[in-house]
Amino acid sequence: MSVFRDVTQAVPVAVFKLSQDFNNDQDPNKVNLGVGAYRTDEGLPWVLPVVKKVEKVIAHDDRLNHEYLPILGLPQFRSSASKIALGAGSPAVQEDRVGAVQCLGGTGALKIGAEFLRRFHNGSNNTKTPVYVSAPTWENHNAVFASAGFEDVRSYKYWDAQNRGLDLAGFLGDLETCPEHSIFVLHACAHNPTGTDPTQEQWMKIAEVMMRRRLFVFFDSAYQGFASGDLDKDAWAIRYFVSMGFEMFCAQSFSKNFGLYNERVGNLTIVARDPDNLQRVLSQMEKIVRTTWSNPPSQGARLVAITLSDPALFEDWKANVKTMADRVLLMRAQLQAKLEALGTPGAWGHITQQIGMFSFTGLNPNQVEYMVKERHVYLMASGRINMCGLTTKNIDYVAQSIHATVTSVQ
Amino acid sequence: MSIFSEVPQAPPVAVFKLTADFREDSHPQKVNLGVGAYRTDECQPWVLPVVKKVERLIVEDSSLNHEYLPILGLPEFRSASSKVALGDDSPAIKENRVGAVQALGGTGALRIGGEFLHRWYNGTNNTATPIYVSAPTWENHNAVFTDAGFKDIRPYHYWDGAKKGLDISGLLDDLEKAPEASVFVLHACAHNPTGTDPTQDEWKQIAEVMKRRNLFVFFDSAYQGFASGSLDKDAWAIRYFVSEGFELFVAQSFSKNFGLYNERVGNLTVVAKDNENLSRILSQMEKIVRTTWSNPPSQGARIVSKTLNCPELFAEWKGNVKTMADRVLLMRDQLKAKLQALGTPGTWDHITQQIGMFSFTGLNPKQVEYMIKEKHVYLMASGRINMCGLTSKNIDYVAQSIHDTVTSVQ
């Protein structure tokens, strides 16, 4: 008899199950608008040209070896990644109070940050500090903080389904009434899954309450550059909070903006009051990393560090990022135009108002099921679509499918 | 005031502190016998020729992209790695009851295995199950299992300081007395730090008690191939336990035997009673991975997978591994011979009897301090030396230093 006989079957992760179902589907018109990865207009994955170039440089550089990186990661990666988020001229960087932990993608950065906060924030080993994530949010946020030991993961109001926009009043209300020292996970830009970000004025209001009520700021930044095409624009909220004097964490992912999904390139940027506090924080981060992955993987970090540190390569990269962002903007514009041309019931302005990879279509679960089963257009049960899944070849079919769905299914 | 003002400074990891001190030392004859990484006779890191070759193949392969790997990792890496440990013709593999989780080095494999056992082994969420690690053991074992949630980490007798060998009766006694279902972390070969492995007969005795008392087998295999130069020989213990019908975990690392330290290439091999149990286990492994690093890094796994799955590259790799193992054996022979020629007090046979990268010299803490401060020969406080730090150029100095130390310091 197995010692594991009582292990239950876990439910598969929804977004991967969706892709699997899509892969098994034989319908010639099938479209995958599920998992969040960029696709070209041919519907194919895209290795950024700058990435291909730098990979070759790395493979032919005989000065490089495979010795362990430091526990906190490749120093040049950490500092250049933090500068991307905070801005090269950031006063906080100049004041030596910005540090970083190279992590395994955005997930790893959230995990290490969460493990640290559970141990050291709001007392020692305080697992009761509420962690707030947006309603809705990336499906893994809740589980990352729960598995880091937090017992109380709650949602803050965010998406107003009625008006298809940000529920600012609800959001601010939650900030005013939550327990002091609560942790808030904020999407730096291109909110996943709604594509709806606060405006600058709205961010200012959010910051004011968070400062006054001593709430902990934990940014999740997975789409910098990818959202508007402009790195600085997409980092406005992070930089505003830093300029307001917050101590905070920022979990950065380079999966999307470098297309380096499978090399797990992430960075937990830490902004502290001063270098002394920063050093103590980093020393404890080392302990946490040491028992999780010991020290991080080199390939992706080297690639990003080389690219960010070389002016010509940096320009190449920014252009590659703009290529992706522009294609998404084009698909947004075209999808909205086609739905309006078809006279599809409802308002479709949100498709071009929303930003980043995802759009919250407003389709309800019944309608989503119809899209998947009858039209073979795969999207998340929440109504979230990945704009990158749209191409000039399939956009008409998708528009018609949405039209057919909305007119057939209530 | 900083929200981090109460965060204490963590002490640095000893082995990295040793290397940092070594780097700062300007003494011309300094030798680093600390951290466990291979060095050539020129005392340089060594990128295996087969690795360099495969890296170039990968970079030229335009069919590859950077899309996310599955949560459990690259399938062909997982299966090839498990085969390396269990043997190509392993009945357990043929019976479809062997699975694996690609993990971040040996550390990541131990951590995922630990997280799984804490949730699902010996009841549900049973954090009280004792975890036994050898006395002494790799300095990170204790902390990995603690952070995985276990509250009771204990040592089992292992090193007999008096006879400079395995305390087999102490070990067997601990096995007899441990609470049923206790988890034992066993070093598959090349025990770190003692270099002292059980003989085949001793392994058989250990297995007999563990089976009878329902103890859980968790192998740590970081040196396969590196220890004796033969992959099969170094995997004998693992294969014996599998043939005895144990369900078990093996945390495999490819850091040393592929020299891929910084790409974090590891594999948690799971041997279950049958395929049905295996499936349920792997589904729960996915949940744990998803909240830790989401999915693993590609580069190192691709390199290893390509190498293991291609007969020519596999043969070339085995040659590279033998090169490393042979150099270590040569250094062992020479060090012992020189100490004996010098008439250094004590017996030095253990240097050639011990196996793998490390030797437990028997030097006491005072003698270690003398070695470092007076002789600028850096070794761990436990008396552990990394044989790879020895070269034809420094071995006389090291032998002389040991001689001077043992004759000057009690």
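The values are calculated or read from the model by the stated rules, or taken from the named source; none is laboratory data. Predicted, not measured: the structure shown is a model, and the values here were computed from it. Quick reminder, even Gly has a Cβ in these numbers, built from the backbone with ideal geometry, and neighbours come from all protein chains shown. These area figures cover heavy atoms from the full protein model, side chains too; ligands, DNA and RNA do not enter into them. Shrake-Rupley method; radii C 1.70, N 1.55, O 1.52, S 1.80 Å.
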Can you pull out the residues in the range B:120-135 that are facing chain A (nearest Cβ under 9 Å) and either touching a residue at least 24 places away in the same chain (Cβ under 8 Å) or buried (at least 24 other Cβ atoms within 10 Å of the Cβ) (or both)? B:W120, B:Y121, B:N122
Which one of the conditions (1) assigned to a helix (DSSP H, G or I); (2) within 30 Å of A:D230 (Cα to Cα) does A:T40 fail to meet, given that it meets all the rest? (1)
Lone unmet requirement of (1) within 13 Å of chain B (Cβ to nearest Cβ); (2) in contact (Cβ under 8 Å) with a residue 12 or more places away in the chain for A:L86: (1)
Looking only at the range A:56-71, filter to residues that are in contact (Cβ under 8 Å) with a residue 40 or more places away in the chain and part of a loop (DSSP other than H, G, I, E, B); which one of those is farthest from the chain's Cα centre (by Cα)? A:L64
Looking for something under 19 Å from the mean Cα position of the chain (by Cα) and buried (at least 21 other Cβ atoms within 10 Å of the Cβ) - is there at least one such residue anywhere in the range A:196-210? yes
Every residue from the range B:298-341 that is touching a Gly at 6+ places or on another chain (Cβ under 7 Å) and buried (at least 20 other Cβ atoms within 10 Å of the Cβ): B:A301, B:V321, B:A325
Looking only at residues in the range A:94-140 that are of a type in the set (S, T, Y) and open to solvent by less than 10 Å² (accessible area, probe 1.4 Å), which one is nearest to A:F254 (Cα to Cα)? A:T107
Those helices (runs of 4 or more DSSP H) completely within the range A:296-363 that have 1 or more residues that are touching a residue at least 40 places away in the same chain (Cβ under 8 Å), open to solvent by less than 10 Å² (accessible area, probe 1.4 Å) and among the aromatic types (F, W, Y) are A:311-342
Quick count over the range B:42-72, residues being small (G, A, S) and more than 10 Å from chain A (Cβ to nearest Cβ), is 1
Taking the range B:176-196 as the region of interest, how many residues are open to solvent by 40 Å² or more (accessible area, probe 1.4 Å) and in contact (Cβ under 8 Å) with a residue 12 or more places away in the chain? 3
B:I238 - would you say it is of a type in the set (A, V, I, L, M) and away from every other protein chain (no Cβ under 11 Å)? yes
Is it the case that some residue within the range A:164-181 is on the phi > 0 side of the Ramachandran plot, open to solvent by less than 20 Å² (accessible area, probe 1.4 Å) and assigned to a loop (DSSP other than H, G, I, E, B)? no
Qualifying position, being away from chain A (no Cβ under 14 Å), among the aromatic types (F, W, Y) and under 30 Å from B:M324 (Cβ atoms), among B:W138, B:W203: B:W203
Positions within the range A:244-295 being part of a loop (DSSP other than H, G, I, E, B), more than 14 Å from the chain's Cα centre (by Cα) and within 10 Å of chain B (Cβ to nearest Cβ), in sequence order: A:F246, A:E247, A:A272, A:R273, A:D274, A:T291, A:T292, A:W293, A:S294, A:N295
Mind checking which residues of the range B:254-289 are more than 10 Å from every other protein chain (Cβ to nearest Cβ), buried (at least 24 other Cβ atoms within 10 Å of the Cβ) and not basic (K, R)? B:F254, B:N257, B:N267, B:L268, B:T269, B:V271
With the structure loaded, tell me whether B:I112 is open to solvent by 20 Å² or more (accessible area, probe 1.4 Å), at pLDDT 95 or above and not charged (D, E, K, R) or whether it fails that test. no
Of all residues being without any contact (Cβ under 8 Å) to a residue 60 or more places away in the chain and over 21 Å from B:L104 (Cβ atoms) in the range B:57-74, which is nearest to the chain's Cα centre (by Cα)? Just the residue, please. B:V59
Matching residues, the range A:100-153, being under 17 Å from the mean Cα position of the chain (by Cα), in a strand (DSSP E or B) and of a type in the set (G, A, S): A:S134, A:A135
Residue by residue through the range B:355-371, note down the ones that are under 21 Å from B:R39 (Cβ atoms) and either surrounded by fewer than 23 Cβ atoms within 10 Å (Cβ to Cβ) or of a type in the set (F, W, Y) (or both). B:F358, B:F360, B:V368
Within the range B:67-113, how many residues are of a type in the set (A, V, I, L, M) and more than 19 Å from B:F314 (Cβ to Cβ)? 11
Tally up the residues in the range A:141-152 that are surrounded by 19 or more Cβ atoms within 10 Å (Cβ to Cβ) and not small (G, A, S), please. 4
Could you tell me whether B:S305 is away from every other protein chain (no Cβ under 11 Å) and either touching a residue at least 12 places away in the same chain (Cβ under 8 Å) or assigned to a helix (DSSP H, G or I) (or both)? yes
Looking at B:K287, B:K273, B:K233 in this structure, which one is of a type in the set (K, R), modelled with pLDDT of 95 or more and under 27 Å from B:K322 (Cα atoms)? B:K233
Among the numbered conditions (1) outside any helix (DSSP H, G or I); (2) more than 9 Å from chain A (Cβ to nearest Cβ), tell me where B:L18 comes up short. (1)
If B:W203 meets every condition in (1) in a helix (DSSP H, G or I); (2) of a type in the set (F, W, Y); (3) in contact with a Leu (Cβ under 8 Å, 6 or more places away or on another chain) apart from one, which number is that one? (3)
Out of the residues in the range B:211-246 that are buried (at least 22 other Cβ atoms within 10 Å of the Cβ) and charged (D, E, K, R), which is farthest from B:A315 (Cα to Cα)? B:D220
Cβ contacts < 8 Å: first residue closer than 21 Å to B:V321 by Cβ, restricted to the range B:78-103; second residue of a type in the set (D, E) and modelled with pLDDT of 95 or more, any location; separation 6+ or different chain. Result? B:G87/B:D232
I'm trying to understand the selection: among the residues of the range A:28-66, which are away from chain B (no Cβ under 11 Å) and among the charged types (D, E, K, R)? A:K30, A:D41, A:E42
Could you check, for the range B:79-92, whether at least one of its residues is open to solvent by 10 Å² or more (accessible area, probe 1.4 Å) and outside any helix (DSSP H, G or I)? yes
Scanning the range A:7-27 for residues that are part of a loop (DSSP other than H, G, I, E, B), without any contact (Cβ under 8 Å) to a residue 40 or more places away in the chain and either loosely packed, with under 12 Cβ neighbours inside 10 Å or more than 11 Å from every other protein chain (Cβ to nearest Cβ) (or both) gives A:T8, A:V11, A:Q26
